[in-house]
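Enquirer: Before we start, here is the structure in question, set down as structure tokens.
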Amino acid sequence: MPALGRVYATATDSGELLTIAARTLKVIARAPAGEYPDGIAWAPDHRRIYVSDETGGIESVFTAAGHRVRTIRLGGEAGNVQYDPGSKHILVDVQTRNVLAVIDPRTERVIRDVAMPPTCAHPHGLLVDGQRRLVFIASDGNATLLTLDLNGMKVIGITSVGDGPDVLAFDAPLHRLYVASESGVVAVFAEQAHALTKLGQALLAPEAHVVAADPSTRLVYFPLQSQPELRVMKPTR
């Protein structure tokens with residue numbers, strides 16, 4: 001978080017949330033985050049960090065200083081987590097229940113489960129476009145990407161992606177969505193009003209399942225698990 005001068009990262013081997021000083025890159029706090037901590041979301045209005053414990057089936061809540069203050073039971077495996085600036089709620093995939101759980105940070109409770117259709121199998125990847133009130137949900141069980149209208153909480157689109165979709169990234173000014181997968185296949189979409197148009201899909205590298213987009217430069221970053229390399233790319237159209 002640039003405003004806080006901190007970086008937050010999950011350490012799956014030790015089951016912790018690490019708080020890192022952005023200037024020195026030194027770990028300044030460690031806190032238990034469950035059996036297999038994975039996705040992270042920052043709720044700025046409440047100054048809370050939410051961490052998905054995938055195998056433990058909980059969402060852990062932390063202060064900005066990196067101290068755990070609560071755990072929220074989800075009743076199934078926790079996939080990725082995102083903050084919705086419109087509703088000021090936290091959204092998290094519950095993979096084994098095939099639902100999208102909605103958490104109210106004011107009460108730190110699940111207030112709604114949104115059931116996914118049969119076309120969704122094991123929802124894992126998640127990304128919110130707050131401006132257009134859309135959420136994109138990647139199902140790693142059947143390599144599909146769903147578009148959900150946040151206003152009506154209804155699925156309005158479905159398309160294919162690479163096998164084992166994992167991390168999603170979004171360039172908001174360009175309206176460009178990137179979906180990286182465990183298979184190493186990356187799918188790229190143009191967001192147009194309330195629909196997606198696939199611009200391309202291809203193998204980037206083995207296990208290229210993490211992606212981040214910088215909207216200020218249009219650069220897209222892929223840290224490759226199969227080799228110690230950060231691949232930097234830029235769209236040509």
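The values are calculated or read from the model by the stated rules, or taken from the named source; none is laboratory data. As the structure is a computational prediction, the values presented were derived from the model and not from experiment. Here Cβ is always computed from backbone atoms with ideal geometry, including for glycine, and neighbour counts include all displayed protein chains. These area figures cover heavy atoms from the full protein model, side chains too; ligands, DNA and RNA do not enter into them. Shrake-Rupley method; radii C 1.70, N 1.55, O 1.52, S 1.80 Å.
Enquirer: Rg and Dmax in Å for the chain, alpha carbons only: what are they?
Expert: Considering the chain through its Cα atoms, Rg and Dmax are 16.8, 47 Å.
Enquirer: A follow-up question, please. So, in nm, how far is label Thr55 from label Tyr221 when the simple model puts each one 7 Å beyond its Cα toward the Cβ?
Expert: The answer from the label model is 2.8 nm.
Enquirer: How do the peptides 133-143, 221-231 rank, highest first, by the average count of neighbouring beta carbon atoms within 10 Å per residue?
Expert: Descending mean neighbour count gives 133-143, 221-231.
Enquirer: May I ask you to order 183-192, 15-24 by the average number of other C-beta atoms within 10 Å around their residues, highest value first? Intermediate values should be presented prior to the final figure.
Expert: Numbers: 183-192: 19.8, 15-24: 16.3.
Ranked by mean Cβ neighbours within 10 Å, highest first: 183-192, 15-24.
Enquirer: So which residue, out of Ala195, Ala43, Ala213, gets the largest mean-square fluctuation from a GNM of the chain using Cα contacts under 10 Å as springs?
Expert: Fluctuation is largest for Ala195.
Enquirer: Still on this structure: Work out, step by step, the length gained on full extension between His67 and Leu4: first 0.36 nm times the residue separation, then minus their alpha carbon distance; give nm to one decimal.
Expert: Gain on stretching His67 to Leu4: 21.2 nm.
Enquirer: Separate question: Please give the per residue accessible area of the chain, computed with a probe of 1.4 Å over protein heavy atoms only, in Å².
Expert: Values: 10760 Å² over 237 residues.
I get 45 Å² per residue for this part.
Enquirer: Right, here's the next one. If you wrap a convex hull around the Cα atoms of the stretch 70-210, how much volume per residue is inside, in Å³?
Expert: In the stretch 70-210, the Cα convex hull volume per residue is 102 Å³.
Enquirer: So, one more: What do you get for Rg/Rh over the stretch 138-234 if you use C-alpha atoms and the Kirkwood form of Rh?
Expert: Computed over Cα atoms, the ratio is 0.97.
Enquirer: Next question. Can you give the alpha-carbon Rg of the stretch 17-80 over 2.2 N^0.38 Å, where N counts its residues?
Expert: 1.10
Enquirer: Which whole-angstrom value gives the distance between the alpha carbon centres of the stretch 169-233 and the stretch 118-162?
Expert: Centre-to-centre distance over Cα atoms comes out at 16 Å.
Enquirer: Rounded, prolate or oblate: pick one for the stretch 53-110, where a ≥ b ≥ c are the square roots of the eigenvalues of its C-alpha gyration tensor, a/c under 1.5 means rounded, and failing that, prolate if a/b is larger than b/c, else oblate. Mind showing how you got there, number by number?
Expert: Values: a/c = 1.92, a/b = 1.21, b/c = 1.59.
Since a/c reaches 1.5 but b/c is at least a/b, the shape of the stretch 53-110 is classed as oblate.
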